[in-house]
Amino acid sequence: MDTVQNVQTIKYLGTMVDSYLKWQSHVEVLSTKLKKIIYKFFILRNILNKKILLVVYNSFVASVIIYGISIWGQPTLVLK
């Protein structure tokens with residue numbers, strides 16, 4: 001019989017979820033990933049024209065930001 005393991009954070013379908021349903025860990029992972037991509041844009045800006053840069057942006061940056069935003073982009077309710 002398998003047992004369920006209690007973890008602080010889990011990656012599920014590319015989205016980081018913690019045990020409190022907070023998105024801080026997911027935002028940190030996205031931030032790290034996007035920093036690497038933005039650095040590549042810094043290098044490519046002198047090589048590619050704006051039209052191609054826009055295609056690259058939509059392929060790499062926008063897709064990373066948009067993926068799962070309907071789940072993690074919702075504001076959390078605070079009970080008072």
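The values are calculated or read from the model by the stated rules, or taken from the named source; none is laboratory data. Just so it is clear, the model here is predicted, and its values are computed rather than measured. Neighbour counts are summed over all protein chains in view; Cβ atoms, including those assigned to glycine, are modelled from backbone coordinates with ideal geometry. Accessible surface areas use protein heavy atoms only, side chains included; no ligands, DNA or RNA. Shrake-Rupley method; radii C 1.70, N 1.55, O 1.52, S 1.80 Å.
Extension gain for the segment residue 59 to residue 22, taken as residue separation times 0.36 nm less the Cα-Cα distance, is 10.6 nm to one decimal. Taking label positions 7 Å along the Cα-Cβ direction at both residue 6 and residue 50, the computed distance is 5.6 nm, reported to one decimal. By the equivalent-ellipsoid construction on the alpha carbon gyration tensor, the chain comes out with semi-axes of 33, 15, 11 Å, ordered largest to smallest. Relative to the current alpha-carbon distance between residue 66 and residue 13, full extension at 0.36 nm per residue lengthens the span by 17.7 nm. For the chain, the number of Lys pairs separated by eight or more positions or lying on different chains, with C-alpha atoms closer than 27 Å, is 17. Surface analysis of the chain yields an accessible area of 90 Å² per residue, using protein heavy atoms and a 1.4 Å probe.
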